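Shown next, in C-alpha cells, is the structure this report addresses.
The values are calculated or read from the model by the stated rules, or taken from the named source; none is laboratory data. Model, not experiment: these values are computed from the prediction. FYI the Cβ positions are ideal-geometry reconstructions off the backbone, even for glycines, and counts take in every protein chain you see.
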C-alpha cells in the first residue's frame, strides 16, 4: 500500500492506494484527514463513460435512535434533503440533478445511513458541493418537518404489509430491554409526532441534537467517482468537505447479544399477509464483520444452503417437503450483521406437506448440522470457495457508478474494521483457513439456542393494521384541498380466524394471538411444555422409520464441483475492424457529428459506436465482444411456437408450470454451476420459453448441454411415462405447482403491482390476469402438463443470441452440437412476432376505467396508473421514442416535488414512457393512503395542465441541459456482458433487430425542439385515449369521475 504526501491537498491529509482487481481499469486514492474523515477517490479515464457519482455513509442509523423518538435517524435522512444554508431550496439539488441526467436518494439502516447521487460527468463538482452541505450547514427547517413526517408515514405504510419486515420487527419484542434491537427504525407519525408530543419532547430539537452528536467528521465516509484525475478529485473533496464538523465520534455502550440466553429457545407461529408457508431457524452468534479474511460463517452457509446431491435441500425436495432453502447471514442490512452479533438463519419455503411435518423438517436441519460437526471442516471445500472467490476478483466486472460509490462508502465505515489496503478486495478475500472457528460456530447452532418462526397462512391471513379513528395519519389535508373520504374498514376480529389444520401440532384454542405494537403482526408464542417436547425430539436420534431417519441416511457432504473454470484465455480479436463514428453516421444519413450541435451546442461527443450482433444463418446471432476483455459468454435461446392459444390463461399456466418443473429437474446441476459463476435460467414468456446460460466460457457448453438434453427429454413420451411412475417426481412436481399457485395468489397483495397488471390487461390482448392463471392452475393435473410438454417441445422454433468470448466459428460449432430437435430452422425465420402480439386500440371516448379493491383489505393504499396511448410508432421510431422519454424526463422531478413533497398525496409519484409491442404510451403512477382515485386523478391532470406553462417558461439553457443529459445517458456504454446481452435480447424477442436503438434515439434528441414537446404535452392533455387503472385499499369503492 502506497503512502505519500497529497499533491493538491493540505499537507496533513494522508493519501493511500488500496489493492484493486487486475481487471479493474479505474484508479483509486484514499484520503485520510486528521479529523477522522476519510474519502475514497475513483477516477475513470475512459472518455466513452459519461456518468459521475458520489456517496456519503454515516456511522449512525436506527440503532442510535433515542427511546423517546423512534425513527429519528430516518427522519433526519429525509430532512437533510430539505436545503442547506448555501443551497436553501427544498428541491434545489433534485432539480439540478434532474436537468443534468441525475438523481439522488438515501436509506437508513440499523448502524449507518447512506446518501448518494449520480449525474452527468460535467456537473460533478457542483453536485458534490451540494452533498457536502448536507453535513456542514443543513437548514432542518421546521416548515418542512410536517411534510417529511407525512412522507415517513407513507413510506411506513408501503412496507407495513411486507411479511419480511413484519417478522423482523417481531424479533424486537423479545430483545433485551433498552437494547438497540428493540428500536423501531422505520418511524411513523405515532413514534415521531404523537408519542413525543405526549412526553413533552420537541422532535425538531431532538433532530438537531442527533445531527450534532452523530454527524461528525470521524463518523463520515465519502466515495467520489468521476472522470477527473485523482489530483483534481482530491482538490474537489478538500474544497467541499474541509469544513466538516470536527467533533469526536460518540462512545457506544457495549450492548452484547440482543437476546437473553435464558429466553431461548423460542418458537413463534405468525399470521402472514401473503399466502405462504415459511420456516425460519435462526441463531444469535458473535459478530463476524472483522473476520473478513476467513469468513467462517460463509463455509457454514455454503453447506447448509447447498442444493446439490446429498444436501438438505435435495432431500427436502425429494420428499416434497420444501421448495427452497436459504442459509447464512444476510449482507443486505445491518440487522443481520452488526457490531453486536451475526444473525445466522436457515429459511425454508415449505409445502403444505412440509408444514404438516414441520418438526421432522426441523429435525432434518439439526441432523445436517450434526453431520457437519461429525465430518469436521473440510479443507477441499474451503479451497473450492477460495478458487471461486479468486476468479471472481481476478475478472471483476465494472458496476454502475452510483451503486459502486454506495457500496464503497459503506465498506469504509469504521465499525467494519477493514484494513485500508483491503477496502476494495475484502468481500472477495478468503486467505485464512480457520477450521477451529468454523467448528466453534457450528457448536453454537444447537436447538436450545435457536429461534424458530413458522410464518403460515394456515394460521389465517393478516388483514393489515387497522386505522385508528382520529389519528393524524388519517386526517391530513394538502394545500387546503378537501380530502376525498375513504370508507373506514369495519373492525375485523382477527382472533376469530382459527388457524387451519395444516399444522396438526397447534391448538388454536390454546390462546389468542399476541400483537406486535408497530406492524400489528399477530403471533402465538409456544409454551414451555411444547418447546420441551420438541427439544426432546431434536436432541435425540431419529426414530427408525421416521422421515428424519431417512434424511440422516441420505444427507452427506457435497460432491466436488465440475464447473470450476481454469482456462481464461481470450479469443483472438476478429480481423474485421469495428465501425467508426463517421461510418455509422453515414449509414443513418447524418452528414457529420458537428451537425448534431446545430441546435444544442453542448450535445455530447459520440463515443465509439456499439458493437452489433450479426446473423450467422438460420436463427443464430453472434457478437465476439472485444471491449470488456472478459473470458465470459452469454448464450440465450428463444424457444417459441406460433400458437394463438398461448394467449389463454390455461396455456400460460401450463407454460409457467413447465418452466418451473424443468428448472427444478436441473436444480442440482445449475446450483453447482452457480457456485462457479455460471448461470442457468429457464423462463416462460408470451411466445414460449427462454433458456439463458452465461458465465465463464470454458464450462458454459457443459451447462448448456445439460439444459438442452433435459429439455429434449421433457418432450419425450417414454421419459414422461417414467416420470409419472416416479413418486419422487410427482412430489416435486406437486410442490412446484403449489408454489406457483401461491405466487400467483400473492401477486396482487401490493396495490401498485395489482394496478400495473390491470393496465396491461386492458391494452395487451394476450395478457391474462394472475387471478385467471391461478384459477386455471387449480384444475391442472400432472397428466395435463405431460400432454402439453409433449405437444409443445417438438414444435419449438429456436433462435440463439451468443455474445462473448467466442469467435463466429465457435458459435456455429456450439449450435451444431445442440440436440437435433432444438437447432434453429431456416424456415422458422419469418420476421413477424409469434404468437402475434396484439395491442388493444383504446377507443376515442371517455377514459377507459378499471377499479378493483385491493386483495389485502387491510392495506389502506390507493394505487393509480393513468396511461395515455399515443399510437403505433411512425417511420421514425427512434424520434417517437426519444420525444416521449424527453417529456418524461422533464416532468418527473416537478411531478414528484408537487404531488409527493408539497401536496403530500403519498410516497409514490412518478411517470415514464411506455413501449408496448411498438405502441407508444405515457404513464403517471401515484399511490396514496389519504385520497381516492378520483381526487388522485384530478390532481395529476391539474399538474399536467400547470406544467404546460412551466415548460413554456423554462429557460432555454435548462431545456437544452435536459436534452443533452438524456442523450448522454443513451450514449453511455454498457459495463457488463450481461447488460450488453440484455439490450440485444430485447430486440431479438420482438424480432426488431435494431441493436443500436439507444444511439439512434440519442441522435433523434439532437433535432427535437421545445415546440414539439409542447405539442406532445397538449396531445396528452387533449387525448381521449386514456386508460385509468386503480386499486383501492381496504373496502372502499370510490369510483373515478
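Here is a list of conditions, (1) exposed (fewer than 12 other Cβ atoms within 10 Å of the Cβ); (2) modelled with pLDDT of 90 or more; (3) outside the structural domain of residue 273 (by TED's automatic domain parsing), and residue 576 meets all of them except one; can you say which number that is?
(2) is the only condition that residue 576 fails.
Does residue 111 satisfy the criteria of being modelled with pLDDT of 95 or more, within 23 Å of the chain's Cα centre (by Cα) and part of a loop (DSSP other than H, G, I, E, B)?
So residue 111 passes the test.
Before we move on, is residue 633 touching a strand residue (DSSP E or B) at 6+ places or on another chain (Cβ under 6 Å), surrounded by fewer than 21 Cβ atoms within 10 Å (Cβ to Cβ), touching a residue at least 12 places away in the same chain (Cβ under 8 Å) and assigned by TED's automatic domain parsing to the domain that holds residue 800?
no
Looking for something outside any helix (DSSP H, G or I), touching a residue at least 12 places away in the same chain (Cβ under 8 Å) and either under 30 Å from the mean Cα position of the chain (by Cα) or under 30 Å from residue 602 (Cβ atoms) (or both) - is there at least one such residue anywhere in the range 933-953?
Scanning the range 933-953, I find no residue that is outside any helix (DSSP H, G or I), touching a residue at least 12 places away in the same chain (Cβ under 8 Å) and either under 30 Å from the mean Cα position of the chain (by Cα) or under 30 Å from residue 602 (Cβ atoms) (or both), so the answer is no.
Tell me, yes or no, whether the range 1022-1035 has at least one residue that is surrounded by fewer than 20 Cβ atoms within 10 Å (Cβ to Cβ), in a helix (DSSP H, G or I) and out of contact with any strand residue (DSSP E or B) (no Cβ under 9 Å at 6 or more places or on another chain).
Within the range 1022-1035, one or more residues are surrounded by fewer than 20 Cβ atoms within 10 Å (Cβ to Cβ), in a helix (DSSP H, G or I) and out of contact with any strand residue (DSSP E or B) (no Cβ under 9 Å at 6 or more places or on another chain).
Identify, from the list 446, 453, the residue that is surrounded by 15 or more Cβ atoms within 10 Å (Cβ to Cβ), modelled with pLDDT of 95 or more and within 29 Å of the chain's Cα centre (by Cα).
Step by step, each of 446, 453 is checked, and only 453 is surrounded by 15 or more Cβ atoms within 10 Å (Cβ to Cβ), modelled with pLDDT of 95 or more and within 29 Å of the chain's Cα centre (by Cα).
Tell me, which residue of the range 483-503 that is exposed (fewer than 11 other Cβ atoms within 10 Å of the Cβ) and farther than 25 Å from residue 190 by Cβ is modelled with the lowest pLDDT?
Looking at the filtered set, the residue picked out is 496.
If you check residue 681 against the conditions, is it within 30 Å of residue 837 (Cβ to Cβ) and assigned by TED's automatic domain parsing to the domain that holds residue 640?
In short, yes.
In the range 868-897, how many residues are more than 27 Å from the chain's Cα centre (by Cα) and over 14 Å from residue 1013 (Cβ atoms)?
Number of matching residues: 10.
Out of the residues in the range 398-438 meeting the condition of being surrounded by fewer than 15 Cβ atoms within 10 Å (Cβ to Cβ) and in contact (Cβ under 8 Å) with a residue 12 or more places away in the chain, tell me which one is nearest to residue 60 (Cα to Cα).
The residue in question is 414.
Across the range 289-307, which residue is nearest to residue 551 (Cα to Cα) among those that are buried (at least 19 other Cβ atoms within 10 Å of the Cβ) and over 26 Å from the mean Cα position of the chain (by Cα)?
296
How many of the residues in the range 718-740 are surrounded by fewer than 15 Cβ atoms within 10 Å (Cβ to Cβ) and in contact with a helix residue (DSSP H, G or I) (Cβ under 6 Å, 6 or more places away or on another chain)?
Adding up the residues that qualify gives 1.
In contact with a strand residue (DSSP E or B) (Cβ under 7 Å, 6 or more places away or on another chain), part of a loop (DSSP other than H, G, I, E, B) and either at pLDDT below 90 or farther than 24 Å from residue 970 by Cα (or both) - does that describe any residue in the range 875-888?
no
Go through 537, 588 for me and flag whichever is buried (at least 16 other Cβ atoms within 10 Å of the Cβ) and in contact (Cβ under 8 Å) with a residue 60 or more places away in the chain.
Matching residue, one of 537, 588: 537.
Name the one entry in 676, 756 that is over 26 Å from residue 783 (Cβ atoms) and surrounded by fewer than 19 Cβ atoms within 10 Å (Cβ to Cβ).
Result of the check over 676, 756: 756.
Hey, among 960, 1007, which residue is surrounded by fewer than 20 Cβ atoms within 10 Å (Cβ to Cβ) and either farther than 28 Å from residue 590 by Cβ or at pLDDT below 95 (or both)?
1007
Condition check: under 25 Å from the mean Cα position of the chain (by Cα), surrounded by 21 or more Cβ atoms within 10 Å (Cβ to Cβ) and not assigned by TED's automatic domain parsing to the domain that holds residue 30. Does residue 330 satisfy that?
For residue 330, the condition - under 25 Å from the mean Cα position of the chain (by Cα), surrounded by 21 or more Cβ atoms within 10 Å (Cβ to Cβ) and not assigned by TED's automatic domain parsing to the domain that holds residue 30 - is not met.
Tell me the residue from 283, 315 that is touching a residue at least 40 places away in the same chain (Cβ under 8 Å) and either in contact with a strand residue (DSSP E or B) (Cβ under 7 Å, 6 or more places away or on another chain) or closer than 29 Å to residue 854 by Cα (or both), please.
The unique qualifying residue is 283.
Please enumerate the residues belonging to the range 954-969 that are over 18 Å from residue 911 (Cβ atoms) and either assigned to a helix (DSSP H, G or I) or assigned by TED's automatic domain parsing to the domain that holds residue 156 (or both).
Correct list: 956, 957, 958, 960, 961, 964, 967, 968.
Run down 77, 90, 111 and say which single residue is touching a helix residue (DSSP H, G or I) at 6+ places or on another chain (Cβ under 8 Å) and under 28 Å from residue 969 (Cβ atoms).
90
Within the range 692-787, considering only helices (runs of 4 or more DSSP H) that don't extend past its boundaries, which have at least 3 residues that are within 30 Å of residue 810 (Cβ to Cβ)?
Hits in the range 692-787: 700-713.
With in contact with a helix residue (DSSP H, G or I) (Cβ under 9 Å, 6 or more places away or on another chain) and within 19 Å of residue 871 (Cβ to Cβ) as the only criterion, which of 971, 1017, 1003 stands out?
Being in contact with a helix residue (DSSP H, G or I) (Cβ under 9 Å, 6 or more places away or on another chain) and within 19 Å of residue 871 (Cβ to Cβ) holds for just one of 971, 1017, 1003, which is 1017.
Scan the range 770-795 for residues that are out of contact with any helix residue (DSSP H, G or I) (no Cβ under 8 Å at 6 or more places or on another chain) and within 21 Å of residue 710 (Cβ to Cβ) and report the count.
3
Each row is one residue, and each column tells you yes or no for (1) crowded, with 22+ Cβ neighbours inside 10 Å; (2) touching a strand residue (DSSP E or B) at 6+ places or on another chain (Cβ under 8 Å); (3) assigned by TED's automatic domain parsing to the domain that holds residue 311.
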{"site": "649", "(1), (2), (3)": "no, no, no"}
{"site": "657", "(1), (2), (3)": "yes, no, no"}
{"site": "688", "(1), (2), (3)": "yes, yes, no"}
{"site": "698", "(1), (2), (3)": "no, no, no"}
{"site": "707", "(1), (2), (3)": "yes, yes, no"}
{"site": "711", "(1), (2), (3)": "yes, yes, no"}
{"site": "716", "(1), (2), (3)": "no, no, no"}
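Please work out if residue 637 is within 25 Å of the chain's Cα centre (by Cα) and not in a loop (DSSP other than H, G, I, E, B).
In short, yes.
When you check residue 286 against the structure, is it surrounded by fewer than 17 Cβ atoms within 10 Å (Cβ to Cβ), at pLDDT 95 or above, under 29 Å from residue 349 (Cβ atoms) and not assigned by TED's automatic domain parsing to the domain that holds residue 160, yes or no?
Yes.
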